[in-house]
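Colleague: Following this message is one structure expressed as structure tokens.
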2 protein chains.
Amino acid sequence: MPPGLKDVAARAGVSIKTVSNVVNGYTHVSADTRARVQEAIDALGYIPNAAARQLRTRRSGVIALAVPELQSPYFAEMAGLIVQAAERRSWTVLIDQTDGQAERERNLVAGLRRHAIDGLIFSPLALAGEELSRGGDTPMVLLGERVWHGPADHVAIDNTEAAADATRHLCGLGRRSVAAIGAQDFASAVTAHQRLAGYRAAIEEAGLAWDPLLVARVERFHRADGAAAMAALLQRPRRPDAVFCFNDLLALGAIRTLLEQGVRVPEDVAVIGFDDIEDGRFSTPTLSTVAPDTARIARLAVDLLAERLGDGPAASDAPREVRVAHRLVVRESTAG
Amino acid sequence: MPPGLKDVAARAGVSIKTVSNVVNGYTHVSADTRARVQEAIDALGYIPNAAARQLRTRRSGVIALAVPELQSPYFAEMAGLIVQAAERRSWTVLIDQTDGQAERERNLVAGLRRHAIDGLIFSPLALAGEELSRGGDTPMVLLGERVWHGPADHVAIDNTEAAADATRHLCGLGRRSVAAIGAQDFASAVTAHQRLAGYRAAIEEAGLAWDPLLVARVERFHRADGAAAMAALLQRPRRPDAVFCFNDLLALGAIRTLLEQGVRVPEDVAVIGFDDIEDGRFSTPTLSTVAPDTARIARLAVDLLAERLGDGPAASDAPREVRVAHRLVVRESTAG
DNA sequence: TTGTATGCGTTATCAC
DNA sequence: GTGATAACGCATACAA
């Protein structure tokens with residue numbers, strides 16, 4: 001049975017209120033009393049009971065981070081950064097893996113954890129638009145651009161523009177047959193839609209013909225999907241001389257297929273990805289990519305949540321959209 | 001203000017005890033009452049208050065998983081699998097990133113979260129031996145082999161034997177100058193020590209001379225360390241014709257350096273890693289490796305913890321060590 | 001089978 | 001500056 005406020009109070013010869021004051025850094029405590037209480041706390045190894053505290057204050061000091069999957073290096077990195085940012089506010093982060101399942105995401109938004117978490121940072125995959133607003137009362141910050149302007153804050157890079165930048169880079173290399181890997185059909189695939197739009201805009205801007213046969217669809221954004229999509233692309237009549245992949249994993253998979261089939265990268269086909277995960281810095285060839293300012297995204301997400309959680313004036317302001325910078329990173333896979 | 005037991009009871013015209021019974025699936029409730037209560041629960045959207053429940057039962061339904069870093073694909077995968085396994089017991093997993101910092105690991109073991117979590121699954125990096133037993137009362141399952149036999153359960157593969165298997169594979173290829181990347185000096189680097197021991201055993205078993213100059217030390221197990229270590233190895237007088245890397249990230253970094261310097265893999269240097277992360281299946285060349293049965297490790301870790309947590313007879317048994325299988329996966333990087 | 005009453009460890013409102 | 005005491009929402013011993 002761990003010691004409680006009561007035990008500390010008894011040992012220090014004061015009331016529990018005084019101990020509580022000391023624990024919570026209340027200022028109006030005489031130095032003498034404070035010292036005595038502190039001594040008792042140390043001696044007993046007192047640790048405040050989180051449950052009791054939460055029951056009273058309705059605050060758990062825990063925020064949830066919901067991502068589609070931790071296996072994806074981008075989300076893993078994001079998770080690590082958010083944990084770090086949260087730590088500076090002494091928040092604990094509960095990481096939730098949705099596996100992109102609509103039902104799980106819905107539960108999250110509905111607030112099935114309502115009592116347990118103070119806020120939610122959410123990177124939705126299966127949910128979009130209004131469904132995201134059927135929310136409980138838990139403050140939420142969305143990661144990734146939304147087309148719809150709902151009641152939640154969100155922070156993201158300009159996906160469409162970033163995709164256009166990547167595509168422009170390929171066109172600027174003199175490539176005339178620029179393919180895309182990563183298109184998705186379902187309505188909630190906002191990221192895929194936006195990157196496709198950026199790709200198309202840049203293609204047309206370069207005076208190239210829009211060719212649907214150069215666009216490969218994928219189920220998910222994994223290496224295996226990229227590999228399969230690339231194989232399909234190579235089957236088609238018009239063979240591309242460049243590929244924009246909607247994320248780095250797709251690109252790494254695509255490169256694998258190309259090399260396997262004796263196609264040189266970047267000489268025959270230039271490949272660019274998206275996310276700037278660490279893998280791309282050590283692959284052969286190293287991977288050109290679009291680098292979002294992930295550290296900044298993480299920091300801003302936590303900051304926005306903190307503002308909502310604070311009882312300050314900003315807590316009830318209109319939802320904000322924060323745009324974060326991205327930059328092009330040119331490496332071997334397009335440096336031909 | 002979310003509804004409580006009281007509100008549900010009022011609406012259903014019963015006492016809170018009855019509602020509580022229904023919520024907790026107590027069997028002796030008349031079908032009629034149960035239906036009425038359930039209706040009220042649904043209508044009000046009642047969700048039990050986790051804090052209050054925990055205050056009473058001293059159980060939070062949350063277990064912590066502490067890993068050095070989520071960015072590492074192996075730990076990310078492990079985390080995902082453990083979350084899945086825990087889900088089947090309706091446990092929530094709180095993921096803690098220690099960054100390999102001794103202080104953080106110490107806090108964990110000391111139980112600074114004591115009140116908040118029911119159990120801990122821990123993959124220590126900076127702590128070893130006795131320090132791991134200075135534990136609180138929170139049940140703990142250790143991931144990764146320990147030399148010392150402390151008071152906690154642990155589940156792991158036979159690191160030494162697995163490392164020997166990898167090295168034997170290289171020797172079996174006829175390579176005579178087999179290097180190792182991943183040695184570490186500090187005492188708590190149990191994994192590195194064991195893999196080095198396995199490597200050495202296999203080297204001597206093959207009748208090769210033990211050459212300390214073929215062993216490269218690393219700070220951490222990242223791609224960059226592998227790349228740097230390989231570069232150092234190439235500088236030394238005796239150039240290796242094979243390398244056993246203590247994990248896949250090191251191997252991928254090493255391969256990058258080799259290819260960059262025009263050394264062919266596997267023709268000139270065969271490379272094998274450890275962990276079987278997804279990257280290795282799509283890299284060029286694809287990566288030979290030792291594959292631990294990670295899914296089984298995850299499942300067993302959760303099972304062991306469950307036994308400790310259960311109030312059954314097994315709860316106070318002596319600590320168990322569970323050994324999990326591994327297998328060699330031969331891919332292009334050694335298939336020369 | 002169901003209801004009443006008590007306490008889990010805190011914080012917060014009042015007195016003193 | 002400090003102490004007594006009432007909640008917070010739930011589970012459960014005990015009664016009915």
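The values are calculated or read from the model by the stated rules, or taken from the named source; none is laboratory data. Note that the structure is a prediction, hence the values are computed from the model and not measured. Positions of Cβ are backbone-derived with ideal geometry, glycine not excepted, and every protein chain shown enters the neighbour counts. Keep in mind that these areas ignore ligands, DNA and RNA; they rest on the heavy atoms of the full protein, side chains included. Shrake-Rupley method; radii C 1.70, N 1.55, O 1.52, S 1.80 Å.
Colleague: Just to be sure before I move on: is B:Arg36 assigned to a helix (DSSP H, G or I), facing chain A (nearest Cβ under 9 Å) and among the charged types (D, E, K, R) in the structure I sent?
Modeller: Details: assigned to a helix (DSSP H, G or I): yes; facing chain A (nearest Cβ under 9 Å): no; among the charged types (D, E, K, R): yes.
The answer is no for B:Arg36.
Colleague: Consider only pairs whose beta carbons are under 6 Å apart and that are at least six residues apart or on different chains; among these, list those whose first residue lies in the range B:24-38 and is of a type in the set (A, V, I, L, M, F, W, C) and whose second residue is in a loop (DSSP other than H, G, I, E, B) and near DNA strand C (Cβ under 7 Å from one of its atoms).
Modeller: Cβ pairs passing all conditions: none.
Colleague: Suppose the filter is assigned to a loop (DSSP other than H, G, I, E, B) and more than 30 Å from A:Ala152 (Cα to Cα); does A:Arg256 pass it? Walk me through how you get there before you give the answer.
Modeller: Details: assigned to a loop (DSSP other than H, G, I, E, B): no; more than 30 Å from A:Ala152 (Cα to Cα): yes.
Judged against the criteria, A:Arg256 is not a match.
Colleague: Restricting attention to the range B:44-57, report how many residues are of a type in the set (A, V, I, L, M, F, W, C), touching a residue at least 24 places away in the same chain (Cβ under 8 Å) and farther than 12 Å from B:Ala9 by Cα.
Modeller: Initially, the range B:44-57 is screened for residues of a type in the set (A, V, I, L, M, F, W, C), giving B:44, B:47, B:50-52, B:55.
With the extra rule that they be touching a residue at least 24 places away in the same chain (Cβ under 8 Å), the set shrinks to B:44, B:47.
From what's left, farther than 12 Å from B:Ala9 by Cα: B:47.
So the count comes out to 1.
Colleague: Can B:Gly182 be described as in contact with a Lys or Arg (Cβ under 7 Å, 6 or more places away or on another chain) and away from chain A (no Cβ under 12 Å)? Outline the logic, then answer.
Modeller: Numbers: in contact with a Lys or Arg (Cβ under 7 Å, 6 or more places away or on another chain): yes; away from chain A (no Cβ under 12 Å): yes.
For B:Gly182, the condition - in contact with a Lys or Arg (Cβ under 7 Å, 6 or more places away or on another chain) and away from chain A (no Cβ under 12 Å) - is met.
Colleague: While we're here: Considering only the range A:304-336, state which residues are acidic (Asp, Glu) and at pLDDT 95 or above.
Modeller: If we filter the range A:304-336 for residues that are acidic (Asp, Glu), which is where we start, we get A:307, A:311, A:317, A:321, A:332.
Hit for the range A:304-336 is A:Glu332, nothing else.
Colleague: Taking the range A:23-46, which residues are open to solvent by 90 Å² or more (accessible area, probe 1.4 Å), closer than 23 Å to B:His115 by Cα and among the polar types (S, T, N, Q)?
Modeller: Across the range A:23-46, the qualifying residue is only A:Asn24.
Colleague: Quick check on my filter: what residues within the range B:6-33 are in a helix (DSSP H, G or I) and more than 27 Å from A:Ala51 (Cα to Cα)?
Modeller: Quick first cut of the range B:6-33, residues in a helix (DSSP H, G or I) only: B:6-12, B:16-23, B:31-33.
Answer for the range B:6-33, where residues must be in a helix (DSSP H, G or I) and more than 27 Å from A:Ala51 (Cα to Cα): B:Arg11, B:Ala12, B:Ala31, B:Asp32, B:Thr33.
Colleague: Let me ask you something else. Looking at (1) more than 16 Å from DNA strand D (Cβ to nearest atom); (2) more than 14 Å from chain A (Cβ to nearest Cβ), can you tell me which one B:Glu77 breaks?
Modeller: (2)
Colleague: Given the options A:Arg200, A:Arg220, name the one that is outside any helix (DSSP H, G or I) and either within 13 Å of chain B (Cβ to nearest Cβ) or farther than 17 Å from A:Leu328 by Cα (or both).
Modeller: Answer to the check: A:Arg220.
Colleague: Related question: Just to be sure, is A:Val302 on the phi < 0 side of the Ramachandran plot and more than 11 Å from chain B (Cβ to nearest Cβ)? Can you show your working first?
Modeller: Working: on the phi < 0 side of the Ramachandran plot: yes; more than 11 Å from chain B (Cβ to nearest Cβ): yes.
So A:Val302 fits the description; yes.
Colleague: Any residue in the range B:47-63 that is more than 16 Å from DNA strand C (Cβ to nearest atom), crowded, with 22+ Cβ neighbours inside 10 Å and more than 9 Å from every other protein chain (Cβ to nearest Cβ)?
Modeller: Scanning the range B:47-63 turns up at least one residue that is more than 16 Å from DNA strand C (Cβ to nearest atom), crowded, with 22+ Cβ neighbours inside 10 Å and more than 9 Å from every other protein chain (Cβ to nearest Cβ).
Colleague: I need the full set of residues from the range B:81-113 which are crowded, with 21+ Cβ neighbours inside 10 Å, closer than 23 Å to B:Ala291 by Cβ and either within 9 Å of another protein chain (Cβ to nearest Cβ) or without any contact (Cβ under 8 Å) to a residue 24 or more places away in the chain (or both), in order please.
Modeller: Listed by number, the list holds a single entry, B:Val83.
Colleague: For the range B:114-128, check the following and say yes or no: at least one residue is open to solvent by 10 Å² or more (accessible area, probe 1.4 Å), modelled with pLDDT under 85, away from chain A (no Cβ under 13 Å) and over 28 Å from B:Ile277 (Cα atoms).
Modeller: No, every residue in the range B:114-128 fails to be open to solvent by 10 Å² or more (accessible area, probe 1.4 Å), modelled with pLDDT under 85, away from chain A (no Cβ under 13 Å) and over 28 Å from B:Ile277 (Cα atoms).
Colleague: Mind counting the residues in the range B:129-180 that are charged (D, E, K, R), more than 28 Å from B:Ala231 (Cα to Cα), touching a residue at least 24 places away in the same chain (Cβ under 8 Å) and surrounded by fewer than 21 Cβ atoms within 10 Å (Cβ to Cβ)? Reasoning before the result, please.
Modeller: Within the range B:129-180, the subset charged (D, E, K, R) is B:130-131, B:134, B:137, B:145-146, B:153, B:158, B:161, B:165, B:168, B:175-176.
Subset that is more than 28 Å from B:Ala231 (Cα to Cα): B:130-131, B:134, B:137, B:145-146, B:153, B:158.
Imposing the further condition that a residue be touching a residue at least 24 places away in the same chain (Cβ under 8 Å) reduces the set to B:131, B:134, B:137, B:145-146, B:153, B:158.
Now drop any that are not surrounded by fewer than 21 Cβ atoms within 10 Å (Cβ to Cβ), which leaves B:131, B:134, B:137, B:145-146, B:158.
Selection size over the range B:129-180: 6.
Colleague: Right, another one. I'm told A:Ala85 meets every condition in (1) more than 16 Å from DNA strand D (Cβ to nearest atom); (2) touching a strand residue (DSSP E or B) at 6+ places or on another chain (Cβ under 8 Å) except one. Can you identify the failing condition by its number?
Modeller: Status for A:Ala85: all satisfied but (2).
Colleague: Which of the residues that make up the range A:316-336 are among the hydrophobic types (A, V, I, L, M, F, W, C) and either within 30 Å of A:Asp241 (Cβ to Cβ) or in a loop (DSSP other than H, G, I, E, B) (or both)? Quick ask: steps written out before the conclusion?
Modeller: Taking the range A:316-336 first, the residues among the hydrophobic types (A, V, I, L, M, F, W, C) are A:318, A:322, A:324-325, A:328-330, A:335.
The answer is A:Ala318, A:Ala325, A:Leu328, A:Val329, A:Val330, A:Ala335.
Colleague: Filter the range A:272-296 for residues that are more than 14 Å from every other protein chain (Cβ to nearest Cβ) and either open to solvent by 30 Å² or more (accessible area, probe 1.4 Å) or modelled with pLDDT under 95 (or both); which is nearest to A:Leu65 (Cα to Cα)? If you could, list the steps in order and put the result at the bottom.
Modeller: Of the residues in the range A:272-296, the ones more than 14 Å from every other protein chain (Cβ to nearest Cβ) are A:272, A:274, A:288-293, A:296.
Keeping just the survivors that are either open to solvent by 30 Å² or more (accessible area, probe 1.4 Å) or modelled with pLDDT under 95 (or both) gives A:293, A:296.
Details: A:Asp293: 18, A:Arg296: 16 Å.
In this case the residue turns out to be A:Arg296.
Residue by residue, here is whether (1) under 15 Å from B:Asp275 (Cα atoms); (2) not in a helix (DSSP H, G or I) holds:
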{"residue": "B:Asp42", "(1), (2)": "no, no"}
{"residue": "B:Tyr46", "(1), (2)": "no, yes"}
{"residue": "B:Arg53", "(1), (2)": "no, no"}
{"residue": "B:Ser60", "(1), (2)": "no, yes"}
{"residue": "B:Ala64", "(1), (2)": "no, yes"}
{"residue": "B:Gln71", "(1), (2)": "yes, yes"}
{"residue": "B:Phe75", "(1), (2)": "yes, no"}
{"residue": "B:Val83", "(1), (2)": "no, no"}
{"residue": "B:Ala86", "(1), (2)": "no, no"}
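Colleague: While we're here: Which residue, of A:Leu44, A:Leu65, A:Leu55, is more than 10 Å from DNA strand D (Cβ to nearest atom) and not assigned by TED's automatic domain parsing to the domain that holds A:Arg114?
Modeller: Details: A:Leu65 fails: not assigned by TED's automatic domain parsing to the domain that holds A:Arg114; A:Leu55 fails: more than 10 Å from DNA strand D (Cβ to nearest atom).
After ruling out the rest, the residue left standing is A:Leu44.
Colleague: Surrounded by fewer than 24 Cβ atoms within 10 Å (Cβ to Cβ), outside the structural domain of B:Ala163 (by TED's automatic domain parsing), touching a helix residue (DSSP H, G or I) at 6+ places or on another chain (Cβ under 8 Å) and modelled with pLDDT of 95 or more: is that true of B:Arg299 in this structure?
Modeller: So B:Arg299 passes the test.
Colleague: Given the condition closer than 20 Å to B:Leu173 by Cα, of a type in the set (Lys, Arg) and open to solvent by 10 Å² or more (accessible area, probe 1.4 Å), answer yes or no: does some residue in the range B:249-265 qualify?
Modeller: Checking the range B:249-265: at least one residue is closer than 20 Å to B:Leu173 by Cα, of a type in the set (Lys, Arg) and open to solvent by 10 Å² or more (accessible area, probe 1.4 Å).
Colleague: Got a number for residues in the range A:224-271 being within 12 Å of chain B (Cβ to nearest Cβ) and of a type in the set (Asp, Glu)?
Modeller: 3
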